[in-house]
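S.K.: First the structure, then my questions, so here it is.
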Amino acid sequence: MDIHIIEPDIALPTLRAFMVKMTLFSFKGRKGVEVHLYRSFWPKEEEKDFLWENILEDTDLPKPKLQDAKDIVLESFLPEERDMLIDYLKSRYESRIKEIISAPLEFPIPSGLVPLWKMPEDENFGRIYLDRAPNYSLPFKVRGFYDLNSAPPLMDEK
């Protein structure tokens with residue numbers, strides 16, 4: 001398993017600023033499936049702890065779009081959460097994961113982005129509920145969003 005942690009080269013406006021992505025060897029008949037991991041729950045009052053004017057590109061958005069931009073930050077990880085998550089993945093799923101990449105979000109967060117928790121599901125887009133696995137041990141809930149269309153099939157269709 002390859003692990004790449006990209007540290008920020010500038011000061012970040014918040015510590016809750018890290019994305020984590022894992023690439024599975026195989027999943028649902030596809031190879032090299034990328035899964036974007038995110039926190040699936042946070043206390044509503046946590047939103048009050050941020051200086052949003054330093055984090056978001058535009059704070060004068062309609063309420064739903066403003067909330068989407070905030071949620072992108074709220075579903076990301078603190079450095080210690082990122083490290084705990086990577087350690088958990090290494091110890092629990094090492095044989096299934098080809099690569100883990102973590103990098104800081106790019107600030108300011110632009111408007112118009114959709115948080116991972118809000119992405120629609122269908123036969124190609126879906127979620128992995130890590131926090132529902134037996135013996136899940138992290139103190140925060142983690143889920144993953146994947147797109148099967150972006151990964152080649154395990155076998156040629158010939």
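The values are calculated or read from the model by the stated rules, or taken from the named source; none is laboratory data. Being a predicted model, the structure only gives us computed values, none of them experimental. Every residue, glycine among them, receives a Cβ derived from its backbone with ideal geometry; neighbour counts consider all protein chains shown. Protein only, heavy atoms only, side chains kept; ligands, DNA and RNA dropped before computing areas. Shrake-Rupley method; radii C 1.70, N 1.55, O 1.52, S 1.80 Å.
S.K.: Can you find a residue that is among the aliphatic types (A, V, I, L, M) and assigned to a loop (DSSP other than H, G, I, E, B) anywhere in the range 65-78?
M.R.: There is at least one residue in the range 65-78 that is among the aliphatic types (A, V, I, L, M) and assigned to a loop (DSSP other than H, G, I, E, B).
S.K.: So, one more: Name the single residue, out of those in the range 7-55 being small (Gly, Ala, Ser) and farther than 24 Å from SER111 by Cβ, that is modelled with the lowest pLDDT.
M.R.: By that ranking, first place goes to GLY29.
S.K.: In this structure, is PRO152 open to solvent by 30 Å² or more (accessible area, probe 1.4 Å), more than 12 Å from the chain's Cα centre (by Cα) and at pLDDT 95 or above?
M.R.: No, not satisfied.
S.K.: While we're on this one: If I filter the range 104-121 down to residues being surrounded by 16 or more Cβ atoms within 10 Å (Cβ to Cβ), of a type outside the set (A, V, I, L, M, F, W, C) and part of a loop (DSSP other than H, G, I, E, B), which single residue comes out as modelled with the lowest pLDDT?
M.R.: SER111
S.K.: Restricting the first residue to the range 17-29 and requiring it to be on the phi > 0 side of the Ramachandran plot, which pairs with a second residue that is among the small types (Gly, Ala, Ser) and in a strand (DSSP E or B) meet a Cβ separation below 9 Å and a spacing of at least six or different chains?
M.R.: Filtered contacts from the range 17-29: LYS28/GLY126.
S.K.: Would you please list the contacts, defined by Cβ atoms under 6 Å and residues six or more apart or on different chains, that run from a residue in the range 45-72 that is open to solvent by 50 Å² or more (accessible area, probe 1.4 Å) to a residue that is part of a helix (DSSP H, G or I)?
M.R.: That search, which allows pairs on different chains as well, returns THR59/TRP52; THR59/GLU53.
S.K.: Further, regarding this structure: Return the only residue of LEU51, LEU66 being farther than 30 Å from PRO134 by Cα and touching a Ser or Thr at 6+ places or on another chain (Cβ under 7 Å).
M.R.: Answer to the check: LEU66.
S.K.: So which residues in the range 122-138 are charged (D, E, K, R), open to solvent by 50 Å² or more (accessible area, probe 1.4 Å) and under 21 Å from TRP42 (Cβ atoms), if there are any at all?
M.R.: Hit for the range 122-138 is ARG132, nothing else.
S.K.: Output the number of the condition that GLU99 fails; it satisfies all remaining conditions of (1) assigned to a strand (DSSP E or B); (2) over 27 Å from ILE55 (Cβ atoms); (3) out of contact with any Asp or Glu (no Cβ under 7 Å at 6 or more places or on another chain).
M.R.: All conditions pass for GLU99, except number (3).
S.K.: Going residue by residue through the range 40-47, is there one that turns out to be among the polar types (S, T, N, Q), over 17 Å from ARG16 (Cβ atoms) and assigned to a loop (DSSP other than H, G, I, E, B)?
M.R.: Taking every residue of the range 40-47 in turn, none turns out to be among the polar types (S, T, N, Q), over 17 Å from ARG16 (Cβ atoms) and assigned to a loop (DSSP other than H, G, I, E, B).
S.K.: Six or more apart or on different chains, Cβ under 8 Å: which pairs go from a residue in the range 126-142 that's within 15 Å of PHE27 (Cβ to Cβ) and touching a residue at least 12 places away in the same chain (Cβ under 8 Å) to one that's exposed (fewer than 12 other Cβ atoms within 10 Å of the Cβ) and not basic (Lys, Arg)? Could you list them?
M.R.: So the pair list comes out as ARG127/GLU121.
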